[in-house]
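Peer 1: Attaching a single structure in structure tokens format; questions to follow.
Just so you know, all these numbers are worked out from the coordinates, no wet-lab data involved. Source: prediction; values computed, not measured. Cβ sites come from the backbone with ideal geometry, for glycine too, and all protein chains shown count toward neighbours.
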Amino acid sequence: MEDLNPFKIAQAQLDEAAKIMNLDPQAHKILREPMQTVIVNIPLKMDNGKTEVFTGFRVLYNNARGPGKGGIRFHPQETLETVKALGAWMTWKCALAGIQFGGAKGGIICDPTKLSSGELERLSRDYIRAIGKFIGPKVDVPAPDVNTNAQTMAWMMDEYSKMVGYDEFSVITGKPLEIWGSEGRFNSTAMGAMYILREAAKRMGLDLKTARVAIQGFGNAGKFAFDLVTKLFGSKVVAVSDVGGGVYSEKGLDYDKLVAATEKGGSVADSGAGSKITNEQLLETNVDILIPAAIENQITGSNASKIKAKMVLELANGPVTPEADKILSQRGIMDLPDFLVNAGGVIVSYFEWVQNNEDYYWSLDEVYSRLDKLVTRSFNEVMKTQEDYKAKNVKITLRDAAYIIALDRVAMAMKSRGWY
Ligand code: GLU
């Protein structure tokens with residue numbers, strides 16, 4: 001059986017890239033473990049007057065290139081191992097994007113669908129109180145992720161500001177516009193992925209106007225990917241799913257129906273937009289482009305041989321396991337790796353942080369054009385690295401290529417700082 005521990009997977013990916021690129025063993029040793037791990041237990045008075053205890057994590061994986069950066073997830077199955085893996089992936093993501101951040105991640109073990117709005121707000125605030133000593137604009141800067149959003153960030157920024165005694169907007173990104181979030185941050189993860197898709201389709205000779213798409217996940221990333229892929233390219237999204245299941249329609253799904261169903265907390269499966277399918281069926285749908293936009297370990301050794309898409313655009317973090325990686329690559333499916341594809345979120349978070357630090361704000365056009373430049377540059381660097389290795393008769397995946405660039409940058413920063 002394939003080991004699906006996300007941190008073991010992250011370490012295995014790192015080890016493979018380190019071997020290919022001959023990474024200095026000392027740098028490799030530092031990069032195999034997070035630099036700081038914080039575990040907190042938060043007593044929370046529930047609406048019924050009883051106290052429950054919630055466990056939360058914040059991992060600062062590496063800060064050689066700048067402050068830690070990464071989202072906070074609210075998830076019932078959250079584990080420290082997952083948060084460590086996600087912190088490692090954030091480190092590579094920020095390094096590949098060429099932005100002045102290291103990598104970090106946070107999470108709370110909780111099921112937000114079972115918490116009232118008041119309980120969610122108190123939990124968000126108490127989590128920030130608990131990890132407050134370990135974050136800061138120049139230390140570690142959180143952001144939204146699975147089951148957290150601009151409102152969560154607003155409560156957290158407010159709580160941190162109360163702790164320090166002044167408004168500290170740049171402690172957290174993904175904030176609402178009225179408290180100095182950035183234009184374009186809400187759909188930036190999906191927007192960045194669209195620029196990558198545009199470039200990848202060009203290379204593959206895939207016509208996006210007639211392309212059929214399946215999307216797993218309808219949250220911060222998947223929902224906007226649906227909207228953008230149809231609006232920007234005219235592609236047809238035939239299948240969508242979320243935790244509650246999925247829907248399929250040969251003639252293309254109606255976005256507004258899906259939004260209406262999910263706005264009230266329901267599932268796309270009950271939207272009536274198409275016939276019901278399972279999450280497993282969604283991944284195996286006959287489409288040109290498969291966009292996993294939910295959580296890790298979705299395409300594994302057991303279903304990778306059944307994927308029919310020509311291209312996998314990894315909008316989630318860690319959706320494809322190492323065994324699946326090998327199968328997809330043998331089958332000639334173009335698998336665009338997560339920390340290249342979904343970097344748009346953290347890139348616009350970086351823009352938000354820069355704007356907060358300068359107290360000066362950019363237009364939406366400016367945000368998108370700068371985002372396009374950064375992700376297109378990363379895409380070209382990844383393709384070039386793969387080609388350079390091919391010229392040396394070494395066949396590497398696009399994930400390996402992305403790793404090689406990122407590891408080289410982090411290792412160089414650690415070397416200059418005298419860490420090895
Ligand atoms: N949670 C997003 C990610 O995984 C964004 C992180 C950020 O903006 O810091 O990339």
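Peer 1: Can you spot a residue in the range 171-181 that is in contact (Cβ under 8 Å) with a residue 40 or more places away in the chain, charged (D, E, K, R) and crowded, with 17+ Cβ neighbours inside 10 Å?
Peer 2: yes
Peer 1: Quick one: which strands (runs of 3 or more DSSP E) lie wholly within the range 188-284 and hold at least 1 residues that are hydroxyl-bearing (Ser, Thr, Tyr)?
Peer 2: Values: elements: 212-216, 236-242, 245-248, 275-277.
The strands (runs of 3 or more DSSP E) meeting that bar are 236-242, 245-248, 275-277.
Peer 1: Right, something else. Restricting to the range 336-360, count the residues that are touching a residue at least 60 places away in the same chain (Cβ under 8 Å) and surrounded by fewer than 16 Cβ atoms within 10 Å (Cβ to Cβ). Working first, answer last.
Peer 2: The first filter runs over the range 336-360 and keeps only residues touching a residue at least 60 places away in the same chain (Cβ under 8 Å), leaving 336-353, 355-357.
Among the residues that remain, those that are also surrounded by fewer than 16 Cβ atoms within 10 Å (Cβ to Cβ) are: 357.
Qualifying residue count, the range 336-360: 1.
Peer 1: If a residue has to be more than 10 Å from the ligand (Cβ to nearest atom), touching a Cys at 6+ places or on another chain (Cβ under 9 Å) and farther than 24 Å from Asn41 by Cβ to count, how many in the range 57-115 make the cut?
Peer 2: 4
Peer 1: So in the range 150-194, with the set limited to residues that are aromatic (Phe, Trp, Tyr) and more than 13 Å from the ligand (Cβ to nearest atom), which one is farthest from Phe74 (Cα to Cα)? Reasoning before the result, please.
Peer 2: Residues of the range 150-194 that are aromatic (Phe, Trp, Tyr), as a first pass: 155, 160, 166, 169, 180, 186.
Now restrict to residues that are more than 13 Å from the ligand (Cβ to nearest atom): 155, 160, 166, 169, 180.
On the way: Trp155: 15, Tyr160: 19, Tyr166: 27, Phe169: 22, Trp180: 23 Å.
Out of the qualifying residues, it is Tyr166.
Peer 1: Can you pull out the residues in the range 152-180 that are of a type in the set (S, T, N, Q) and in a helix (DSSP H, G or I)? Talk me through it step by step, then tell me what you get.
Peer 2: First pass over the range 152-180, keeping only residues of a type in the set (S, T, N, Q): 152, 161, 170, 173.
Of everything in the range 152-180, those that are of a type in the set (S, T, N, Q) and in a helix (DSSP H, G or I) turn out to be Thr152, Ser161, Ser170.
Peer 1: Then there is this: Looking at Ile295, Ile333 in this structure, which one is away from the ligand (no atom under 16 Å from the Cβ) and surrounded by fewer than 24 Cβ atoms within 10 Å (Cβ to Cβ)?
Peer 2: Details: Ile295 fails: away from the ligand (no atom under 16 Å from the Cβ).
Step by step, each of Ile295, Ile333 is checked, and only Ile333 is away from the ligand (no atom under 16 Å from the Cβ) and surrounded by fewer than 24 Cβ atoms within 10 Å (Cβ to Cβ).
Residues are listed down the side, and each one gets a yes or a no for (1) surrounded by 14 or more Cβ atoms within 10 Å (Cβ to Cβ); (2) of a type in the set (A, V, I, L, M):
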| residue | (1), (2) |
| --- | --- |
| Glu2 | no, no |
| Glu16 | yes, no |
| Leu31 | yes, yes |
| Met35 | yes, yes |
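Peer 1: State yes or no: is Lys415 more than 19 Å from the chain's Cα centre (by Cα) and touching a residue at least 40 places away in the same chain (Cβ under 8 Å)?
Peer 2: Details: more than 19 Å from the chain's Cα centre (by Cα): yes; touching a residue at least 40 places away in the same chain (Cβ under 8 Å): yes.
Here the answer is yes, as Lys415 does meet what is asked.
Peer 1: For the range 298-330, which positions are within 16 Å of the ligand (Cβ to nearest atom) and either within 19 Å of Tyr403 (Cα to Cα) or free of Cβ contacts under 8 Å to residues at least 60 places away in the same chain (or both)?
Peer 2: Keep residues of the range 298-330 that are within 16 Å of the ligand (Cβ to nearest atom), which gives 298, 313-320.
Within the range 298-330, Leu313, Glu314, Leu315, Ala316, Asn317, Gly318, Pro319, Val320 qualify.
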